[in-house]
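The numbers here are math on the coordinates, done by the rules we state, and not lab data. Source: prediction; values computed, not measured. As a convention, Cβ positions derive from the backbone with ideal geometry for all residues, glycine included, and neighbour counts pool all protein chains shown.
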Amino acid sequence: MEEASELIKAICKLRRNGVTEDTVNDLAEEMADMEIMLEQLKVMFYLFEGVEEWKNYKLKRLSKMVKEAMNSVSCH
Ligand SMILES: [Mg+2]
């Protein structure tokens, strides 16, 4: 989980130092590392379909929550 730790550190550095060319570039590098690691985990544990199913479920739920929030705002 080294890559996850490095991504968290890059996010903390960005929050601490603000948005600069350096902090955004570090964030991009660590996001790339994390994406590569996640793809490796999908290969190792045959999780391509399983992850897609969870993403679809969670995106639908999020979409529903956003719609409900927008409806409640427009009613007042
Ligand atoms: Mg890294």
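What is the mean projected area of the alpha carbon convex hull for region 1-45, to one decimal in square nanometres? Intermediate results must be reported in sequence, preceding the final value.
On the way: hull surface 11.5 nm².
So the Cα hull casts an average projection of 2.9 nm².
Let me check against my output: what whole-number percent is the relative contact order of the chain, with C-alpha pairs under 8 Å and at least 6 apart?
Working: 24 pairs, mean separation 17.8, N = 76.
RCO, the chain: 23 percent.
Using a Debye calculation, one point per C-alpha and no hydration shell, please list log10 I(q)/I(0) for the chain at q = 0.13, 0.24 Å⁻¹ in order.
For the requested q values the scattering log ratios are -0.65, -0.95.
With n ≥ 4 as the cut-off for DSSP H runs, can you work out [θ] at 222 nm for the chain, using -39500 (n - 2.57) per run divided by the number of residues, rounded to the nearest 500?
Numbers: 3 runs with 67 residues, N = 76.
Rounded to the nearest 500, it is -31000 deg cm²/dmol.
Filter the chymotrypsin sites (Phe, Trp or Tyr not before Pro) in region 15-76 to those in DSSP coil with at most 15 other Cβ atoms within 10 Å of their Cβ, and list the result. Walk me through the numbers before you get to the answer.
Working: sites: Phe45, Tyr46, Phe48, Trp54, Tyr57; in loops: Phe45, Tyr46.
Of the chymotrypsin sites (Phe, Trp or Tyr not before Pro), the ones in loops of region 15-76 whose Cβ has at most 15 other Cβ atoms within 10 Å are Phe45, Tyr46.
Cut-off 10 angstrom, C-alpha nodes, Gaussian network model of the chain. Which of Leu41, Leu62, Leu14 fluctuates the most?
The residue that fluctuates most here is Leu62.
At 7 Å along the Cα-to-beta-carbon direction for both Glu39 and Leu59, put a label point, then send me their distance in nm to one decimal.
1.8 nm
In whole Hz, with x marking every Gly and Pro, tabulate ³J(HN,Hα) for region 16-24 from phi via Karplus 6.51 cos²θ - 1.76 cosθ + 1.60, θ = phi - 60°.
After applying 6.51 cos²θ - 1.76 cosθ + 1.60, I find 6, 9, x, 7, 10, 4, 5, 5, 6 Hz.
Per residue of region 32-42, in order, report the coupling 6.51 cos²θ - 1.76 cosθ + 1.60 (Karplus, θ = phi - 60°) as ³J(HN,Hα) in whole Hz, putting x for Gly and Pro.
These are the phi-based 3J(HN,Hα) values: 4, 4, 5, 4, 4, 5, 5, 5, 4, 5, 4 Hz.
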